[in-house]
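The values are calculated or read from the model by the stated rules, or taken from the named source; none is laboratory data. Treat the numbers as computed from the prediction; the structure is a model and nothing was measured. Neighbour counts run over all protein chains shown; Cβ positions are idealised from the backbone, glycine included. Remember, those area values only see protein heavy atoms, side chains included, never the ligands or the DNA or RNA. Shrake-Rupley method; radii C 1.70, N 1.55, O 1.52, S 1.80 Å.
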Amino acid sequence: MKKMMMMALMAAAATTAFAQEDLVKEAKKLFGKQDFDGAAKVLAPALTSDATLDKAAAWNLQVDIMAGKFSAIQAVNLENQMKQKSEAYDTLGMNNAAYEAVKAAIKCDEYDRQPNEKGKIKIKYRNDNQQRIQNLRLNLINAGLFDYNHKNLDGALEKWMLYLDSPTSELFTGFPAVADLSQDQYRSEIAYYAGLVAYQKKDYVTAVKYATMAAQDPAKQAEANEIMLFSKKETLKNASDSLEYVNMLKDLRKANPDEERYFNLLMDYYTRSNDQKALAQWADEEIALNSENKMAWALKGEVQMNNREWDAAVESYKKAIEVDPNFIQCIFNAGVCLNGKAIDLKDKLADKNTGGLTKENADKVKAILGEAKVFLERSQELDPNREKVNWAYPLYQIYYSIGDKAKSDEMEKLVNGGN
């Protein structure tokens, strides 16, 4: 009984193999009649069946079918152009045929280079496929553009990805026309658009892959870096991701010191992180790169101000003001810091029982308030309507503390909503 079952299984396997070979033969007949779609439909099961005896031959037939379909449609288009006819032709069918032909040729080569039953490798189809696939591969550029213009992002990306990735296939071994990437004048441009489409699809890993490829070309570097950066930014999940993103930004910043976008992205990252120590350290790094960077001085001053390091903060703000004499936020903050310093000094020097100050100590406090008043009055002059900074309350405090009743009353009205 066991022997009979084994014979039945062997017979079934042989029948299946013959059935697959029959499909290949039928597909060849339909291809000969230029029924490309019919041939592809019949052949499809044989391409994936384990019962197909010669997979390389089956996939090579798929190349024949798709290359034939592409050429037939292309011929119609050329004829229309020669006769100056505006008749429509199957652009989508032609583009998809090119895509399927390139994929099939790579798959054919995969099976073609496998050892035979004697353990020997005899590559049969590579040379012919290298030649004919070269032009079909080039058509993937237009095919992707057609899909992109018709809002088919998936189609555009898959065609451009195949164009960009196919040169690394063993199919093109010894064929420099494709394998030598230095000869490809379109590579960086297509890589950029592949990265851009992947970013639009929120496929950030793929976006980084192709943007990195595009960035190898100095002409596309700035645009490609932007895709990489924003893709990285969208995928920050842990400290390691954040460190990689920041280090990438810093490297780009050093390599492109005049490109403000990298500084602005770093500033956005550090100010959002709420890590004052890291923000201060980065501000120092930026100042070391460019001592005229007013925003770096401003950020350093802000950290010092938050830590109530009044003198250090004022010095940082003064550095920023030296670069930009009308940097109103720093002018205002310098005044606020000096006012804060005066308040702290007053509390420190006040009599513990009465809360009063000696004349000497009161003069010390007033001297600091006088410095603060200069900065805050300059803020008032630059921003009379308080659109950028609200100088009214700290000026009220100062005028009140130094005994200028007329001006303190004026500021009090503004503080309370008067004009």
Q: Read through the list (1) open to solvent by less than 70 Å² (accessible area, probe 1.4 Å); (2) touching a residue at least 12 places away in the same chain (Cβ under 8 Å); (3) within 30 Å of E260 (Cα to Cα), then give the number of the only condition that A312 fails.
A: (2)
**Q.** Candidate set: region 214-234, residues that are over 9 Å from the mean Cα position of the chain (by Cα), open to solvent by 30 Å² or more (accessible area, probe 1.4 Å) and not charged (D, E, K, R); chosen: the one nearest to D268 (Cα to Cα)
**A.** A222
(Q) Being open to solvent by 80 Å² or more (accessible area, probe 1.4 Å), closer than 26 Å to S291 by Cβ and modelled with pLDDT of 95 or more: is that true of N333 here? (A) no
Q.
With more than 30 Å from the chain's Cα centre (by Cα), at pLDDT 95 or above and at negative phi as the only criterion, which of R126, R187 stands out?
A. R126
Q: Answer yes or no as to whether D284 is open to solvent by 80 Å² or more (accessible area, probe 1.4 Å) and assigned to a helix (DSSP H, G or I).
A: no
Q) With K373, K346 as the choices, which residue is assigned to a helix (DSSP H, G or I), over 25 Å from K319 (Cβ atoms) and touching a helix residue (DSSP H, G or I) at 6+ places or on another chain (Cβ under 8 Å)? A) K346
(Q) Tally up the residues in region 387-419 that are without any contact (Cβ under 8 Å) to a residue 12 or more places away in the chain and within 44 Å of the chain's Cα centre (by Cα), please. (A) 2
Q.
Pairs please, first residue from region 345-366 and touching a residue at least 12 places away in the same chain (Cβ under 8 Å) and buried (at least 16 other Cβ atoms within 10 Å of the Cβ), second anywhere and assigned to a helix (DSSP H, G or I) and among the small types (G, A, S), Cβ atoms under 7 Å, 6+ apart in sequence or on different chains.
A. V365/A342
Q: Name, by its number, the condition in (1) surrounded by 14 or more Cβ atoms within 10 Å (Cβ to Cβ); (2) under 20 Å from A198 (Cα atoms) that does not hold for D154.
A: (1)
Q. Does any residue in region 120-144 that is within 17 Å of D184 (Cβ to Cβ) and touching a residue at least 60 places away in the same chain (Cβ under 8 Å) come within less than 6 Å, Cβ to Cβ, of a residue that is assigned to a helix (DSSP H, G or I) and among the β-branched types (V, I, T) six or more places away or on a different chain, and which pairs are these?
A. I133/V102; L136/V102
(Q) For the structure I just gave you, tell me whether Y393 is more than 30 Å from D324 (Cα to Cα) and in a helix (DSSP H, G or I). (A) no
Q: Being polar (S, T, N, Q) and part of a helix (DSSP H, G or I) is the filter; apply it to region 323-343 and report the residue that is farthest from V389 (Cα to Cα).
A: N339
Q.
So for region 214-227 (the condition being under 29 Å from K294 (Cβ atoms) and hydrophobic (A, V, I, L, M, F, W, C)), does at least one residue qualify?
A. yes
Q) Hey, among A298, A313, A320, which residue is touching a Cys at 6+ places or on another chain (Cβ under 6 Å) and either farther than 15 Å from S379 by Cβ or outside any helix (DSSP H, G or I) (or both)? A) A313
Q: Of the numbered conditions (1) out of contact with any Phe, Trp or Tyr (no Cβ under 9 Å at 6 or more places or on another chain); (2) within 24 Å of S401 (Cβ to Cβ); (3) touching a residue at least 12 places away in the same chain (Cβ under 8 Å), N326 fails exactly one; give the number of that condition.
A: (2)
Q. When only residues in region 80-124 that are assigned to a loop (DSSP other than H, G, I, E, B) and among the β-branched types (V, I, T) count, which is least open to solvent (accessible area, probe 1.4 Å)?
A. I123
Q) Counting only residues that are more than 17 Å from N225 (Cα to Cα) and open to solvent by 70 Å² or more (accessible area, probe 1.4 Å), which one in region 247-274 is modelled with the lowest pLDDT? A) N274
Q: Would you check which residues across region 287-307 are of a type in the set (A, V, I, L, M) and either open to solvent by less than 80 Å² (accessible area, probe 1.4 Å) or over 27 Å from the mean Cα position of the chain (by Cα) (or both) and list them?
A: I287, A288, M295, A296, A298, L299, V303, M305
Q) Would it be correct to say that S401 is part of a helix (DSSP H, G or I) and open to solvent by less than 30 Å² (accessible area, probe 1.4 Å)? A) no
